[in-house]
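Following: one structure in structure tokens, then a few remarks.
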Amino acid sequence: MANVIWCTGFRLDFSWIHLPIFADDGYPIHTRGRVLSARGLYFLGLPFQQSMSSTLIGGVGRDAKLIAKWIVEFPKAA
């Protein structure tokens, strides 16, 4: 199974994602960037992903490090 990290960039655009992972407001349902209902799917750069600085270059590193840790820990398919 592959992992996917969608880095949001300057504008949030989720129109290409056709999965049932969104709340009524169109925002992805996640926990600190990890989509629990779609294993292996992660977001990076979401507003307030972990803190107010999550969308800034100076703060996104902490979020990226956490996602990298989750990917390494992700159980590999047999």
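Couple of notes before you dig in:
- For segment 4-73, relative contact order (Cα pairs under 8 Å, six or more residues apart, normalised by length) works out to 27 percent.
- Label-zone membership for segment 14-53, site ARG62, 7 angstrom Cα→C-beta point, backbone N under 12 Å: 48-53
- Net charge dipole, segment 4-73: roughly 280 debye, given to the nearest 20, about the Cα centre with Cβ charges of +1 for Lys and Arg and -1 for Asp and Glu.
- Using 0.36 nm per residue and subtracting the Cα-Cα separation, the extra length available between ILE17 and ALA38 on full extension is 6.4 nm.
- Other residues with beta-carbon under 15 Å from the beta-carbon of ILE67 carry, at +1 per Lys or Arg and -1 per Asp or Glu, a net charge of +4.
- P(r) weight above 15 Å for segment 4-73, C-alpha pairs, percent: 49
- Packing-based ranking, highest mean first, of 38-49, 11-22, 53-64 given that Cβ atoms within 10 Å are counted: 38-49, 53-64, 11-22
None of the figures in this text is laboratory data; all of them are computed from the coordinates on show. Predicted model, so just to flag it, every value in this text is computed and none were measured. Please note: Cβ atoms are built from the backbone with ideal geometry, for glycine as well, and neighbour counts cover all protein chains shown.
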